[in-house]
1. Pick out, from the stretch 189-254, the strands (runs of 3 or more DSSP E) lying fully within it that include 2 or more residues that are among the aromatic types (Phe, Trp, Tyr) and at pLDDT below 95.
2. If a residue has to be without any contact (Cβ under 8 Å) to a residue 40 or more places away in the chain and either closer than 30 Å to ARG143 by Cβ or surrounded by fewer than 17 Cβ atoms within 10 Å (Cβ to Cβ) (or both) to count, how many in the stretch 202-225 make the cut?
3. Quick check on the stretch 49-63. Is at least one of its residues under 27 Å from GLY30 (Cβ atoms) and either of a type in the set (D, E, K, R) or not assigned by TED's automatic domain parsing to the domain that holds LEU29 (or both)?
4. Mind checking whether some residue in the stretch 87-105 is under 25 Å from the mean Cα position of the chain (by Cα), surrounded by fewer than 16 Cβ atoms within 10 Å (Cβ to Cβ) and either modelled with pLDDT under 95 or farther than 20 Å from ARG61 by Cα (or both)?
5. Within the stretch 143-160, identify whether any single residue is assigned to a helix (DSSP H, G or I), modelled with pLDDT under 95 and more than 20 Å from LYS72 (Cα to Cα), and answer yes or no.
6. So which pairs qualify, if the first residue must be in the stretch 119-146 and under 20 Å from ILE168 (Cβ atoms), the second must be assigned to a helix (DSSP H, G or I) and of a type in the set (Val, Ile, Thr), the Cβ gap must be under 8 Å, and the two must be at least 6 apart or on different chains?
7. Going residue by residue through the stretch 132-143, is there one that turns out to be more than 24 Å from PHE288 (Cβ to Cβ) and in contact with a helix residue (DSSP H, G or I) (Cβ under 6 Å, 6 or more places away or on another chain)?
8. Which of the residues that make up the stretch 317-331 are free of Cβ contacts under 8 Å to residues at least 40 places away in the same chain and either in a loop (DSSP other than H, G, I, E, B) or not assigned by TED's automatic domain parsing to the domain that holds ILE293 (or both)?
Amino acid sequence: MPLVVISPFNVASFPHGGGHFWVYLQYALGLRLLGCDVYWLEAFRTKRREEQEAAALTTFRMRMQQHGFDGKFILYATDSEEAALEAPAEYLNIARAEAEGIFARADLLLNFHYAISPGLVNQFRRSALVDIDPGLLQFWISRGQLSVPRHDLYFTIGERLAGSWIHIRPPVCLESWPYVFNRGSEAFTTVSNWDSSDWIVDGDDAYENTKRVAFLEFADLPRMTGQPLELALFMRTERDMAEQNDLERRGWRIRHSSDVAATPETYQAYIQNSRGEFSCAKRSYVEFQNAWISDRTLCYLASGKPVVVQNTGPSSFLPDGEGMFRFSTAAEAADAFAGRSSFRRAAVAGDHSQRRTLRARPSRRRPLIHLQTLLCA
């Protein structure tokens, strides 16, 4: 049985991010279903808030137990966002010798943590970096804004990246995301952060790279369609509240993300009880044109929900029609909703090379077989 250690980023330290937990859990569950012995390795960010950190650790342990990873996670503490040069001297829930023994036996480190310690990576016989920010990661590296330790393999979910980057399709574990039909579902929804400090800076050029900017470009869409549209957003500032009021005046339904997505279970329920997804992409994904697709969108599709999402570039397997409608303008999005009676139950499954349409099948299926790429490359 291959032993794979995955190294997610900022999950244990972010207990209220139900959707963020699912990003990495899809890989862990999929690899386990493919016959791998999977361990979860993560840096736990400490900020001298002992009570909050203890609660976060308790929540994380409970979630790992719920998904069958009790005794299969390894945590170490860090008090900085900067990468340390050396491997951790101790671990929070396991003896150092036991942890390093697991690393030595592992067939692969599957790393999502861009600022991981080089000393930790070097404890593995084989390592692979997984890029889930295609275009952005390469931009940061090329401009000297991010230093990433050397890995043996480099995977990316972007389709048009050259050089040493190997394209993989992002996974969704269909056993955990079954088809759900709710006759009362009405709104197309999404879950998103609203504002942040994300900017793309390239010399004297800079632009805000937030979902706020992306959605505001389509602020009048509810006036162009009879389809109810609902955004579950993380909003916190006075400006956020003012913009929420403006969006509601334009016809949007706004909910707070903490009410619908604070846990993996509520996040899943919100998606599966939606009519479908409508979402915009950050400007960087539109600019880089590498066919980025959100992990959340895959969850909608796997649950049998059609999606209307912003076009992020030509794709060899993403359709522009049945099940998934990719738009570039508000008029195109409105046209997709106008034809919603032709929506079919949608899920990313099956042989994409044979069919460009996305359809759900009610039978239970294995996760996307493309995870085997991680083991065979």
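1. Once the strands (runs of 3 or more DSSP E) in the stretch 189-254 are filtered for at least 2 residues that are among the aromatic types (Phe, Trp, Tyr) and at pLDDT below 95, nothing remains.
2. The qualifying residues number 8.
3. Yes, some residue in the stretch 49-63 is under 27 Å from GLY30 (Cβ atoms) and either of a type in the set (D, E, K, R) or not assigned by TED's automatic domain parsing to the domain that holds LEU29 (or both).
4. No, the conditions are met nowhere in the stretch 87-105.
5. No, the stretch 143-160 contains no residue that is assigned to a helix (DSSP H, G or I), modelled with pLDDT under 95 and more than 20 Å from LYS72 (Cα to Cα).
6. SER127/VAL121; ILE132/VAL23
7. Scanning the stretch 132-143 turns up no residue that is more than 24 Å from PHE288 (Cβ to Cβ) and in contact with a helix residue (DSSP H, G or I) (Cβ under 6 Å, 6 or more places away or on another chain).
8. Once the filter is applied, which keeps residues that are free of Cβ contacts under 8 Å to residues at least 40 places away in the same chain and either in a loop (DSSP other than H, G, I, E, B) or not assigned by TED's automatic domain parsing to the domain that holds ILE293 (or both), the stretch 317-331 yields LEU318, PRO319, ASP320, GLY321, GLU322, GLY323, SER328, THR329.
The values are calculated or read from the model by the stated rules, or taken from the named source; none is laboratory data. As the structure is a computational prediction, the values presented were derived from the model and not from experiment. We place every Cβ from the backbone using ideal geometry, glycine too, and count neighbours over all the protein chains shown.
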